Amino acid sequence: MSVEKVLMPQLGESVTEGTIEKWLVKPGDFVKKYEPLAEVLTDKVSAEIPSSFTGIVKEILGKEGETYPVGAVICTIETVEEKSSNISEAIRNATTSTVKVKYNEPGFREFIPKQKNRYSPAVLKLASEHQIDLEKVTGTGLNGRITRKDILKYIESKKEEGSVAVHNPTTETVQFQSSIPASSKPIQIETSAGDVEIPISAIRRTIANNMVRSKQEIPHAWMMMEVDVTNLVQYRESIKAQFKEKEGFNLTYFAFFIKAVAQALKEFPMLNSVWAQDKIIQKKEINISIAVATDDALYVPVIKNVDEKSIKGIAKEIHELTQHVKNGTLKSEHIQGGTFTVNNTGTFGSVQSMGIINYPQAAILQVEAIVKRPVIIDNMIAIRDMVNLCLSIDHRILDGYVCGKFLNRVKNILEKTNYFEKTVY
């Protein structure tokens, strides 16, 4: 037998932490490999963590409702060989053994040895600027090392208290001084009779944090182009009933837009990139993230290798992923690997919007509502079906020239019905 560690998994690209919603086991329980141990929530998915081992749950180190970084030890399992005799023995032992759970100790981080006095230049600079005693900061990096993110989080926590920590080297005590002008301190909102206070859920808080991160780290720019999709509307109308009867699901406009975007990404691969600090990584696979909203959350499942799929295949995946979100059956593999995001804001009647980029991707495209508008064609006024495409870009990676060419290519594809006639099936 040996004691193995169960780590917080990465449940999606750019996901750095997860919140333990509920433990499905307790110390002393016998579990088989791949049996679920806990339910974990991120901003993108709610999933079960499977056991990587067969054995007895020895210690549960992660607490329900607490958020832990990817790679943190959340429990340990004393493994046994998967033989019938050993399993029976393990079950008997599990029913009589007692396991000490360290719930009252100050967090799971005590199990990660902290490397004292080893700080990066960025951490030292931030600490100096804000007069922070690094001994008071909890590190979440490798082996408990303090990261720049830890310093920023500590500063934010002290801002909420109206102070930042100042280390006094002569007395070895910590004092607190106000660092926030009165005008920028958090506003205390008074409630009146009839007001409803809605607690912030774990998933809503994580969404908020990721949106702030995207806007703070990514210099957003955006442009819009209008597209005449009259021919596309007529073509879809002519085949949608037959398609639904044959395939069993709807042929939506969204599938056509995603197909057009995938083709344009093949021709302009720079938009299929991510910023990696000292380099730009141009992704080979074209995996399009689609935004699917519920009453209280937004999920971003991924359609893999879109450029290799027909419109029928894309429509089927849109249908299946949407059902997973509505039924609460979305898994980690459904939200991993996205390289570009397309958001169907037109569903809500929107005609113009600027999307926040799905970190760490380079761009997000908002497909707005198709509306009938008068346009000038050959000096004549005609009523046409028009749609706006709104593209938000990471200006560190992209500029207006390549993005304009990309949008114009999407426009050309959407306005030529013969392209879709060849790619529906």
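No lab work stands behind these numbers, since they all come straight from the coordinates. None of the values given here were measured: they were computed from a predicted structure. Glycine also receives a Cβ, built like all others from the backbone with ideal geometry; neighbour counts cover every protein chain displayed.
Can you run phi through the Karplus equation (6.51, -1.76, 1.60; θ = phi - 60°) for the range 377-383 and list ³J(HN,Hα) in whole Hz, with x for Gly and Pro?
10, 6, 6, 10, 7, 9, 8
Would you please give the residues with an amide H less than 5 Å from that of residue 273, counting only those at least 5 places away or on a separate chain, with H modeled from the backbone geometry?
So residue 273 has HN proximity to 283, 362.
Rounded to the nearest Å, what's the spacing between the alpha carbon centres of the range 258-289 and the range 58-77? Just the number, please.
Using only Cα atoms, the two centres lie 35 Å from each other.
Testing the spin-label approximation: label points 7 Å from Cα along Cα→Cβ at residue 135 and residue 308. State their distance in nm.
Going from the residue 135 label point to the residue 308 one covers 5.7 nm.
Using amide H atoms built in the peptide plane, which far-off residues or other-chain residues are under 5 Å from residue 38 H to H?
For residue 38, whose amide H was placed from the backbone, the distant partners under 5 Å are 24, 49.
Based on alpha-carbon centroids, what's the gap between the range 292-316 and the range 329-365 in Å, whole number please?
The range 292-316 and the range 329-365 have Cα centres separated by 9 Å.
So for the range 219-421: antiparallel DSSP bridges make up what percent, rounded to the nearest 5?
Among the beta bridges of the range 219-421, antiparallel pairing accounts for roughly 85 percent.
Per residue of the range 210-223, in order, report the coupling 6.51 cos²θ - 1.76 cosθ + 1.60 (Karplus, θ = phi - 60°) as ³J(HN,Hα) in whole Hz, putting x for Gly and Pro.
6, 5, 4, 4, 4, 6, 6, 8, 9, x, 7, 9, 8, 8
Pull up all non-local amide H partners of residue 343: gap of 5 or more, or a different chain, and H-to-H distance under 5 Å with H placed in the peptide plane.
Counting only residues 5 or more places away or on other chains, the set is 365, 366, 367.
How high is the FRET efficiency between residue 327 and residue 405 when r is their beta carbon distance and R₀ equals 45 Å, given to the nearest 0.05?
0.65
Please give the contour-minus-distance gain from residue 52 to residue 284: 0.36 nm per residue of separation, less the Cα-Cα distance, rounded to one decimal in nm.
Answer, rounded to one decimal: 80.5 nm.
Take every DSSP beta bridge whose two residues both sit in the range 262-376, then give the antiparallel share in percent to the nearest 5.
55 percent
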